[in-house]
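Contents: one structure, followed by commentary.
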Amino acid sequence: MDREAPSVDITAILSAWGQGDPGAVDRLFPLVYEELRALARRRAGHGRGETMRTTALVHEAYLRLVDQTQASYQNRSHFFAVAAKVMRRLVIDHAREGSARKRGGDAERIPIDDSVLADPAQRVDHLALDRALVRLEGLDPRLVRLVELRYFAGLTLEETAEALSISPATVKRDWFKARAFLMHEMAGTPSP
């Protein structure tokens, strides 16, 4: 899917929605649906015992995104950055529910490594990832936003740089730092 072609339409529709156009939400859904499905496919069901249907994740995320009474998404990148955060919360909440059903005892821990963050198809212990992200948030909130954009939203290096208003070189450096921190945290070793 070419991400550049619909970006102007999405930004214009988001602007119209922010200005109170009631039909903007209906025009927005077909433009973002496939991209949200692609994001959800990369995130739903990759952890054992944490399966969440892609369609359910997309619909729940979209409903939460449009249910905000003061929606003021600045542009396409901002919308998908918020979508990444919403999907993260939904996946983590679903994993917590599954863990609670199992009373926490038989959830398999799958450590995260370089290949997992590089390849979203790898299985991830989403609860451990969330705990590590919460710890990282206390140290460097921007690194958490970067992980949400790169890992949960699947944005490219350049799209992430645009969304965070930083250079692609800074994204590369920060992505390396974030992955190193998460790998150490999720492996149960102290972070450097």
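Just so it is clear, none of the values below were taken in a lab; they were calculated from the coordinates. Every value quoted in this text rests on a predicted model; they were computed, and no experiment measured them. Cβ coordinates were reconstructed from backbone atoms using ideal geometry, including for glycine residues, and neighbour counts include every protein chain displayed.
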Estimate the FRET efficiency between Arg37 and Asp93 by the formula 1/(1 + (r/R0)^6), using the beta-carbon distance for r and 22 Å for R0, to the nearest 0.05. 0.70
If R₀ is 41 angstrom, what is the calculated FRET efficiency for the pair Ala187 and Asp9, using the beta carbon separation as r and rounding to 0.05? 0.40
Starting from 0.36 nm per residue, how many nanometres of slack lie between Asp26 and Arg131 once their C-alpha separation is accounted for? 34.2 nm
